[in-house]
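Colleague: Sharing a structure here in structure tokens format.
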Amino acid sequence: MLIFTKIAELKGFLKQIKSADQSVGFVPTMGALHNGHISLIAISKKACNITVCSIFVNPTQFNDKADLKRYPRMPEKDAAFLEKAGCDVLFMPSVEEIYPTEKKETYDFGYLNTVLEGKYRPGHFNGVAQVVKRLFEIVEPDKAFFGSKDYQQVMIIKALVKQMNSNIEIVNCPILRETDGLAMSSRNTLLSKEEREIASRVPKIMLEAKQIALSKGINEAKHFVTEQISKVTDMKLEYFEICDVELKELTDIKEANNAIGLIAVFVGKIRLIDNLMFN
């Protein structure tokens, strides 16, 4: 596996790859890699000739600076993990390399900026768009691979690609879960043993909420989730919504052919998100 920290060197290598008519797959990450990330690498390797993974903890997408400070960083472990997985290229730039000047671009993603993550993390998606656009311009991949746990983020990135007038194909990949059902996340490493046990209740609550929504309706399901999480001392619900696949809020599950439940919850100080298709 080749490791690059400088944009010019990476672009020089990729220019040779593309001149040989080889396709490039791209997996952008913030590190603290887990098997969910590795599943994206595997999907990319099947679809493309060369797979590039980036590790960059992007400061512009953190509206909470304390969250940025505690975000897990383990570059050496990550590099070994990627090499074992057969990743071809690792790009680990510094903040100064990605942002040589202050980033001031703003993006309009319409209602996606105002609901769910957009509502509770103001400025977050603008920071995501800033770094993803920058990385896409550097790597110029044919396909880019993202996990479905960040469902709304994938929608934002698809909208960004349209705004860029780019032909990059955004591939939405399945959520990988731990044996107890908890969605794999870099933030899981920040949970204590007790918090980790508490967090495992989230997917179980979501599954029950799905059955309630389908049998008794959306309001009953939302009430159930609120009640269940309020019973746990170290758990705090930020939101639970049931939407159509475009993330428009539903009042009746029968209004849409497909529905999705999305949740954000704090376990201690750690914020976790998850989602589940309901139909």
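Only the coordinates and a few stated rules stand behind these numbers; no lab work does. Here the structure is a predicted model, which is why all the values come from computation and not from measurement. Heads up, the Cβs are rebuilt from the backbone with ideal geometry, glycines too, and the neighbour counts pull from every protein chain shown.
Colleague: My understanding is that a pair violates if its Cα-Cα distance is over 31 Å; which of Lys6/Lys45; Lys18/Lys65; Lys6/Lys84; Lys84/Lys162 do that in this structure?
Modeller: Correct reply: Lys18/Lys65; Lys84/Lys162.
Colleague: Take peptides 91-99, 107-115 and line them up by average Cβ neighbours within 10 Å, highest first, as a rough protection proxy.
Modeller: Descending mean neighbour count gives 91-99, 107-115.
Colleague: Taking the Cα centre of the stretch 163-272 as origin, sum charge times position over the Cβ atoms of Lys and Arg (+1) and Asp and Glu (-1), and report the length of that vector in debye to the nearest 20.
Modeller: About 320 debye.
Colleague: Let me ask something else. Could you size up the charge dipole of the chain around its Cα centre, putting +1 on the beta carbon of Lys and Arg and -1 on that of Asp and Glu, and report it in debye to the nearest 20?
Modeller: Using only the charged Cβ atoms, the result is roughly 280 debye.
Colleague: Also, quick follow-up: Using Cα pairs under 8 angstrom and six or more residues apart, how large is the relative contact order of the chain, in percent?
Modeller: So the answer I get is 17 percent.
Colleague: Report, by chain and number, residues whose modeled amide H sits under 5 Å from the one on Tyr239, excluding near sequence neighbours (fewer than 5 apart, same chain).
Modeller: Ala264
Colleague: What's the ranking of 123-131, 239-247 by average number of surrounding C-beta atoms within 10 Å, highest first?
Modeller: 123-131, 239-247
Colleague: Spelling out what I want: for every residue of the stretch 68-77, take phi, set θ = phi - 60°, compute 6.51 cos²θ - 1.76 cosθ + 1.60 (Karplus), and round to whole Hz; glycine and proline get x.
Modeller: 4, 5, 8, 4, x, 10, 8, x, 5, 5
Colleague: Report for the chain the percent antiparallel among DSSP-assigned beta bridges with both residues inside it, nearest 5.
Modeller: The antiparallel fraction comes to roughly 50 percent.
Colleague: Once Lys and Arg get +1 and Asp and Glu get -1 on their Cβ, which of Gly217, Ile260, Ser23 lies farthest toward the positive end of the dipole of the chain?
Modeller: Positive-most Cα among the choices belongs to Ser23.
Colleague: Give a residue-ordered list of calculated ³J(HN,Hα) values for the stretch 205-221 (Karplus: 6.51 cos²θ - 1.76 cosθ + 1.60, θ = phi - 60°; whole Hz; x for Gly, Pro).
Modeller: 3J(HN,Hα) across the stretch 205-221, in whole Hz: 4, 5, 5, 5, 4, 4, 5, 5, 4, 6, 9, 10, x, 5, 4, 5, 5.
Colleague: OK, next. From the backbone phi of the stretch 252-266, what are the Karplus-calculated ³J(HN,Hα) couplings (6.51 cos²θ - 1.76 cosθ + 1.60, θ = phi - 60°) in whole Hz, Gly and Pro given as x?
Modeller: With coefficients 6.51, -1.76 and 1.60, one gets 9, 4, 7, 6, 10, 5, 10, 10, 9, x, 10, 9, 10, 9, 8 Hz.
Colleague: Right, here's the next one. From the residues Asn172, Leu10, Leu90, which one has its Cα farthest along the dipole of the stretch 2-173 in the positive direction, the dipole being from +1 and -1 charges on Cβ of Lys/Arg and Asp/Glu about the Cα centre?
Modeller: The Cα lying farthest towards the positive end belongs to Asn172.
Colleague: Sorted by packing (mean other beta-carbon atoms within 10 Å per residue), highest first, where do 18-29, 141-152, 225-236 land?
Modeller: By packing density, highest mean first, the sequence is 141-152, 18-29, 225-236.
Colleague: If the chain between Thr114 and Ser94 were fully stretched, how many nm would it gain, using 0.36 nm times the residue separation less the Cα-Cα distance?
Modeller: 4.1 nm
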